[in-house]
Structures are given as C-alpha cells and as structure tokens.
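First the structure, in the form of structure tokens, and then the observations on it.
The values are calculated or read from the model by the stated rules, or taken from the named source; none is laboratory data. These figures come from a predicted structure and were not determined experimentally. So basically every Cβ, Gly included, is an ideal-geometry build from the backbone, and we count neighbours across all protein chains shown. When the accessible area is computed, the model is the full protein with side chains, heavy atoms only, and any ligands, DNA or RNA have been set aside. Shrake-Rupley method; radii C 1.70, N 1.55, O 1.52, S 1.80 Å.
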Amino acid sequence: MQRTLVFGASLNPSRYSNMAIKRLQEKNVPTVAFGLRGGNVGTVQINTNLNELPKIDVVTLYMNPERQKQYYDSIIALGAKKVIFNPGTENPDFYKLLKVNGIEVEIACTLVLLATNSY
C-alpha cells in the first residue's frame, strides 16, 4: 500500500482534507499529514514540518495554487511518485515542474477515488 501524504491537512471535520485522512485510514492506506496547524485527525498527526516526514509515495493536495508556490521545491524533494490535484488545487504551472522531475500528475478527487476503489 502506498504511503500517502495529505498536504494541506485541516483539523476541521468539514474540510475535505480532514475527510480524506479519515477515509484513507478506513481503507488502511498508510497516511501522514502536513498542515499549517498541528494536531491529530484520528490517529494521524498533522505535521507542521516537512523535514520530519517518512518516505512518501503519493501526495494528495488540498492547498490552493497560490499557496502551493512556496512548497514546490519541498513537494518535489519528498520523492513521491505521484501528486493528486483535488478540485480547487489545479495548477498547470506545477504540473510542468512535477513532470520534469519524473513525478506523475493526477487531476482527481481522492475521496471519489477511494469510494470507487480506484485509489
């Protein structure tokens, strides 16, 4: 199972990033989270330091394109194989950077992928 980083994680249960953490856990997907505020969603701790994360296979983004810019290099440096752009996070400029670095880009909704067993 691919370890997934929920990037832009929120403690607010009505936010999609929060729902994604819970659904990933329900599907037994190894899950880590990064957000601007630390805390826990279920058993997943939201990290506020990208340097403290384990190896990541997939990044699922929940951060708008403008805020993503400051994290381009950090996300690429994680060494993930794929970045999922959830609705509202679409960013053609970042797609290009990721592809140049050999990282697959998927424009999809993580919650839908999980619900349809397509994750």
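Restricting attention to the stretch 74-82, does a residue exist that is of a type in the set (Val, Ile, Thr), open to solvent by 20 Å² or more (accessible area, probe 1.4 Å) and at pLDDT 95 or above?
Yes, there is a match, as at least one residue in the stretch 74-82 is of a type in the set (Val, Ile, Thr), open to solvent by 20 Å² or more (accessible area, probe 1.4 Å) and at pLDDT 95 or above.
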Could you tell me which numbered condition GLY88 fails, if it satisfies all but one of (1) farther than 15 Å from LEU5 by Cβ; (2) open to solvent by 80 Å² or more (accessible area, probe 1.4 Å)? (2)
Only one of (1) more than 28 Å from ASN117 (Cβ to Cβ); (2) of a type in the set (Ser, Thr, Tyr); (3) open to solvent by less than 30 Å² (accessible area, probe 1.4 Å) fails for THR48. Which number is that? (3)
Answer yes if at least one residue in the stretch 91-105 is assigned to a loop (DSSP other than H, G, I, E, B), open to solvent by 40 Å² or more (accessible area, probe 1.4 Å), modelled with pLDDT of 95 or more and of a type in the set (Asp, Glu), and no otherwise. no
Residue satisfying all of: in the stretch 51-72; acidic (Asp, Glu) and exposed (fewer than 15 other Cβ atoms within 10 Å of the Cβ); farthest from LEU11 (Cα to Cα) among these: GLU66
